[in-house]
């Protein structure tokens, strides 16, 4: 049996953008160009590239949050494109996301307990008492306290807010979590804490991660495999140390040379 839990097969996605002096023309932008990636059960696949490389478009397509022009997404051997809305909703419980900006991704008018427990309500899991128990347990697992469920997002630091975002994603006990630049808005010292938390939760809960980043320095500490994207295409992929030690493509070499303190090859 294959150990691949989630894969994209030949995904293509094109956007139309107004162009020309008065905006009367249109330009086609190929956000994804024949992209195929595989995520192995229990591992972390990093998707790396500069802004505009197609990383976030790939994430949204994998989660079925955005339609793609052609290709397929396979989760546990099942084509997601062939599922109706009800079946897809059931699958979505197992595909969760941690967002980039811990400030923008949390509703400032909701208490933390309601934010974390919202997915349990949407998927009709348990009753009010059991949901509260699950929320409190998850808050403690991410390094917050039970009392924090009564507070509002503005009462927390950036790192703490990202822990709330992680708790929200994991309370549903998903199989796959897509982390979209989850530490890029945080201080370096806080980045390390969040990466350690993600790794420990992965081992504890048997999670599989897709970790999107522009920073090869960060992904070396969490990823097993790396996919390098450039202008909507996969230009290189392989095991993390192989990519880091002997990159084959000039674009990957440029990304590595941009790491502070790294000596040029």
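The values are calculated or read from the model by the stated rules, or taken from the named source; none is laboratory data. Note that the coordinates shown come from a computational prediction; the quantities given were computed from them, not determined experimentally. Every residue, glycine as well, gets a Cβ built from its backbone with ideal geometry; the counts of neighbours run over all protein chains shown.
Here is the figure for the stretch 208-256: residues that are in a helix (DSSP H, G or I) and surrounded by fewer than 16 Cβ atoms within 10 Å (Cβ to Cβ) total 6.
Okay, residues lined up against (1) over 20 Å from the mean Cα position of the chain (by Cα); (2) closer than 16 Å to residue 210 by Cα; (3) touching a residue at least 24 places away in the same chain (Cβ under 8 Å); (4) not assigned by TED's automatic domain parsing to the domain that holds residue 219:
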residue: 9; (1), (2), (3), (4): no, yes, yes, no
residue: 16; (1), (2), (3), (4): yes, no, no, no
residue: 26; (1), (2), (3), (4): yes, no, no, no
residue: 30; (1), (2), (3), (4): yes, no, yes, no
residue: 60; (1), (2), (3), (4): no, yes, no, no
residue: 66; (1), (2), (3), (4): no, no, yes, no
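The set of residues in the stretch 115-131 that are assigned to a helix (DSSP H, G or I) and loosely packed, with under 15 Cβ neighbours inside 10 Å comprises 121, 122, 128, 129, 130. Within the stretch 130-166, the set of residues being over 14 Å from the mean Cα position of the chain (by Cα) and either assigned by TED's automatic domain parsing to the domain that holds residue 209 or within 24 Å of residue 60 (Cβ to Cβ) (or both) comprises 153, 158, 161, 163, 164.
If the requirement is being touching a residue at least 24 places away in the same chain (Cβ under 8 Å), surrounded by fewer than 24 Cβ atoms within 10 Å (Cβ to Cβ) and under 22 Å from residue 222 (Cβ atoms), which of these qualifies: 42, 49? Please lay out each step first, then the result.
On the way: 49 fails: surrounded by fewer than 24 Cβ atoms within 10 Å (Cβ to Cβ).
Unique residue meeting the criteria: 42.
On the stretch given as the stretch 180-207, residues that are modelled with pLDDT under 95, crowded, with 17+ Cβ neighbours inside 10 Å and not in a helix (DSSP H, G or I) total 6.
Flag: residue 13 matches the condition of being farther than 30 Å from residue 199 by Cα and touching a helix residue (DSSP H, G or I) at 6+ places or on another chain (Cβ under 8 Å). In contact (Cβ under 8 Å) with a residue 60 or more places away in the chain, touching a helix residue (DSSP H, G or I) at 6+ places or on another chain (Cβ under 9 Å), surrounded by 19 or more Cβ atoms within 10 Å (Cβ to Cβ) and more than 23 Å from residue 136 (Cα to Cα): is that true of residue 169 in this structure? Taking the combined requirement at face value, the residue does not satisfy it.
Restricting attention to the stretch 17-34, does a residue exist that is at positive phi and touching a strand residue (DSSP E or B) at 6+ places or on another chain (Cβ under 6 Å)? Walk me through how you get there before you give the answer.
Quick first cut of the stretch 17-34, residues at positive phi only: 20, 23, 34.
Then drop every residue that is not touching a strand residue (DSSP E or B) at 6+ places or on another chain (Cβ under 6 Å), which leaves 34.
Taking every residue of the stretch 17-34 in turn, at least one turns out to be at positive phi and touching a strand residue (DSSP E or B) at 6+ places or on another chain (Cβ under 6 Å).
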